[in-house]
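Right, one structure below, let's go through it.
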Amino acid sequence: MHMISIMLDVLETIFAPAPLHRWADGTTLFHAGDAPSALYRVTRGRVLLRRSLDEGTEITLQDARPGDVVAEASAYAAHYHCSAVAAGETEAHALPLTAFRARLLRDPLLAAGWAAHLARAVQSARFRIEIRSLPTVRARLDAWLSDGHALPAKGHLQDVAAEIGVSREALYRELARRRGQSAARAAATTSAS
């Protein structure tokens, strides 16, 4: 069985008994500093995990979409280090941490599957950090695209900008530069024919 489908099966199994909750756009699921009481798995919409920095800026550490678990590490923390906010109408299963921990203690295979899920989450976080450390918008976008992502429809490009850690305007300029290069190559090919 493919590793991704095994991971999905593990998450389906873990969250199967969890009740479904709904939040309106902009609703806070939990605040930084709160004691964790549940794990959330998004089924519809998005949950943004945000942290405020000392100088007043806010960074998005996770953009959880359907199938994603929000703030997995909170299952082992004394308090949340970030706040979670619904982006659009959102639904998620909320599994009480006591039930989650009890299930993993009873089922070593489920615990191993959860450990594999956490390892993949760490790998993904490291890749996002690597992308954000690249010096140019071009390099960041190239790395993001090389990881199998595709540019979304117009109106959702700001999500890509947030993911790679650049302003929308900088991303739009890079995309315009690429379109210009593409048009120039097409014109050169046509004139050479």
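The values are calculated or read from the model by the stated rules, or taken from the named source; none is laboratory data. Just so it is clear, the structure is predicted and the values come from calculations on it, not from any experiment. Because the Cβ atoms are built from the backbone with ideal geometry, glycine has one as well, and the counts that use them run over all protein chains shown. All accessible areas refer to the heavy atoms of the entire protein, side chains included, with ligands and DNA or RNA removed. Shrake-Rupley method; radii C 1.70, N 1.55, O 1.52, S 1.80 Å.
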A chain fully extended from R44 to V122 at 0.36 nm per residue, minus the present Cα-Cα distance, gains in nm 25.8 nm
Which of (1) 14.1; (2) 11.1; (3) 14.8 is the computed mean projected area of the Cα convex hull in nm²? It is (1)
Quick tally, 1.4 Å probe accessible area for T98, T90, sorted with the most first, runs T98, T90
Here, E58 and A153, labelled 7 Å along Cα→Cβ, have an inter-label distance in nm of 2.7 nm
Highest GNM mean-square fluctuation among A64, A86, A153, for the chain with Cα springs under 10 Å, belongs to A153
In the chain, helical segments from DSSP H whose Cα atoms cover 30 Å or more along their own axis and that average at least -0.5 on the Kyte-Doolittle scale are 108-133
Ordering R168, R65 by the accessible surface of their heavy atoms, 1.4 Å probe, largest first, yields R168, R65
Rounded to a whole %, the carbon-and-sulfur portion of the accessible area of the chain at a 1.4 Å probe is 57 percent
If R0 = 41 Å, then A111 and R179, at their Cβ-Cβ distance, give a FRET efficiency to the nearest 0.05 of 0.25
Quick calc: nm separation of the 7 Å Cα→Cβ label points for S167 and T13 -> 4.9 nm
Sorted list, accessible surface of protein heavy atoms, 1.4 Å probe, largest first, for L97, L109 is L109, L97
Percent relative contact order for the chain, counting Cα pairs under 8 Å at least six residues apart, stands at 22 percent
The answer for H21, listing residues at least 5 apart or on another chain whose modeled amide H is closer than 5 Å to its amide H, is A92, H93, A94
If every Lys and Arg gets +1 and every Asp and Glu gets -1 at its Cβ, then about the Cα centre the range 1-112 yields a dipole, in debye to the nearest 20, of 320 debye
